[in-house]
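Q: Just passing along the structure, written as structure tokens.
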Amino acid sequence: MALLIFLLCGFTVHSGFVHPVSAPQVYDLKALGKPKQKYKWDMRPTVRVCSDSGVSISRAARAVKYWEHLGYDFDGVYGGSFSTCMNPKFGEIVITIPESGFSGEHMAATRVYTSNKSGNIVKAKIFILPKNANKDRVLEHELGHALGWSHYRQRYHMMHPQWMHGGYDSYGIRKLN
């Protein structure tokens, strides 16, 4: 996704005079194009919240509501014990703690599994650090990935790759049928 960026390099020019500027700043002007949904579900996924994830059932239900408001259908939100949360089942999005090798630089990550035959999503696994379980928008963003959406570099957009620049803007991600 291309992004137009205007970079102030320490100076501004007005009427032939050069004025120093304190520090370089980057401004998002407008992301080009629309958000991209790489994959889709054939079915209504169930969301299973693992007990060790730090995510409560009510928190997961709020995140699901965000996407339901945009036209997506789910088959419920349920809890699961650690032993049943190792691998998502067919038709399921599992929310769990990260596996070994997870970068501490990330708040969360999502792995999507697709069918070799149809190319559609058959299951997904959201890895979230317990300290980020209740952080605003993190779970909603990761559910977006579990629904097949890629990052979209528009400031305040739900799918912005950087949490501090994201928001609840849903431009282009409403489900169209």
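Q: Name every residue in segment 44-55 that is surrounded by 14 or more Cβ atoms within 10 Å (Cβ to Cβ) and not in a helix (DSSP H, G or I), in order of residue number.
A: P45, T46, V47, R48, V49, C50, G54, V55
Q: Output the residue which, of all residues in segment 121-158 that are in contact (Cβ under 8 Å) with a residue 60 or more places away in the chain and of a type in the set (S, T, Y), is farthest from A60 (Cα to Cα).
A: Step by step, filter segment 121-158, then rank; the result is Y152.
Q: Here's something else I'd like to know. Counting just the residues of segment 159-177 that are within 13 Å of P35 (Cα to Cα) and free of Cβ contacts under 8 Å to residues at least 24 places away in the same chain, which one comes out farthest from the chain's Cα centre (by Cα)?
A: Ranking the candidates gives D169 first.
Q: How many residues are of a type in the set (D, E, K, R), part of a loop (DSSP other than H, G, I, E, B) and modelled with pLDDT of 95 or more if we restrict to segment 126-152?
A: The qualifying residues number 1.
Q: Separate question: For segment 65-98, give me each residue that is assigned to a loop (DSSP other than H, G, I, E, B), small (G, A, S) and surrounded by fewer than 15 Cβ atoms within 10 Å (Cβ to Cβ).
A: Within segment 65-98, G71, G76, S81 meet the criteria.
The values are calculated or read from the model by the stated rules, or taken from the named source; none is laboratory data. These numbers were taken from a predicted model, which means no experiment stands behind them. Heads up, the Cβs are rebuilt from the backbone with ideal geometry, glycines too, and the neighbour counts pull from every protein chain shown.
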